[in-house]
Amino acid sequence: MVPLRLREWSFTSWALAATAVLGLGLVGFLVHLRGRVAAAEERFAEAKIDYEELKKLRSRYRELERQKSQLPRGGQVQAESYPGFLSEKIREVGLPAAPIKPTSRSGSGEKWKETEYAITLSGTPDAPISRTHFIQFLERVETEAPRFKSKHLFLTFDPAKESDAFLRASVTFSHFERK
C-alpha cells in the first residue's frame, strides 16, 4: 500500500475528508446537546416534584387559615385576664375549682417573655377528676386561645381502682409574648 501525499489528493478526496471532519464535529455536538437535554430533564423532574410539594403545602396552609378563621373569638384573651379565662374553662367542663399560679420567666437577651400558669386539680377517692372532663378542658384552652400550650402534665391515678379518673391532675400552660 502506497501512502497518499497531500498534493496528490484530488478534489473529491478533500471533500470527503472535510465532510468526515464536519460529521465528527456534528456527532460531538449532538452528544453534547444530548447531555444538556438529560440534565435539563433531571432538573425538570426535580422541579415538578418540588412544585407538587409546594401545592400540598399551599393547600395545607389554606386549610389552616380557614380553620383559624373559624376559631371562636375567645382566643383574643387579654394578658391580665388569662387566669380568669383558665378558671372559666375549668368551670365550663365541670371540673372542681383550682388555684392558678402565674409565674413569669425571661432570660436576659431573649426576645420572648414566657408566662406559665400552673393549675393543680385535686380529687378524692369518692369524687375523682374525670379524664374526659380534663381532656375537654385541655382542648378548649388550646383551641380557644392558640397562644396557650400545655407544657407539663402530671396525673395521679387511684391505685385501688381501675378507673380512668384521676386523684390529682396538674398542668402547666405556657404563654409566650414578645418583650
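Data overview
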item: Sequence ranges 146-158, 47-59, 81-93, ranked by mean other-Cβ count within 10 angstrom, highest first; result: 81-93, 146-158, 47-59
item: Computed label-point distance, nm, for sites Thr12 and Asp126 using a 7 Å Cα→Cβ extension; result: 12.3 nm
item: Equivalent ellipsoid semi-axes - Cα gyration tensor, the chain, angstrom; result: 79, 20, 16
item: Arg168 long-range amide H proximity, modeled H, under 5 Å; result: Gly123, Thr156
item: Region 77-178, Cα convex hull volume normalised per residue, Å³; result: 91 Å³
item: Residue among Ile90, Gly123, Ser150 farthest towards the positive dipole end of region 77-178, charges placed on Cβ; result: Ser150
item: Rg/Rg_globular for region 9-70, with Rg_globular taken as 2.2 N^0.38 Å and Rg from C-alpha atoms; result: 2.51
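Every read-out reported here was derived from the displayed coordinates using simple, explicitly stated rules and does not represent laboratory data. In this text the structure is predicted, and so the values were computed from the model without any measurement. Because the Cβ atoms are built from the backbone with ideal geometry, glycine has one as well, and the counts that use them run over all protein chains shown.
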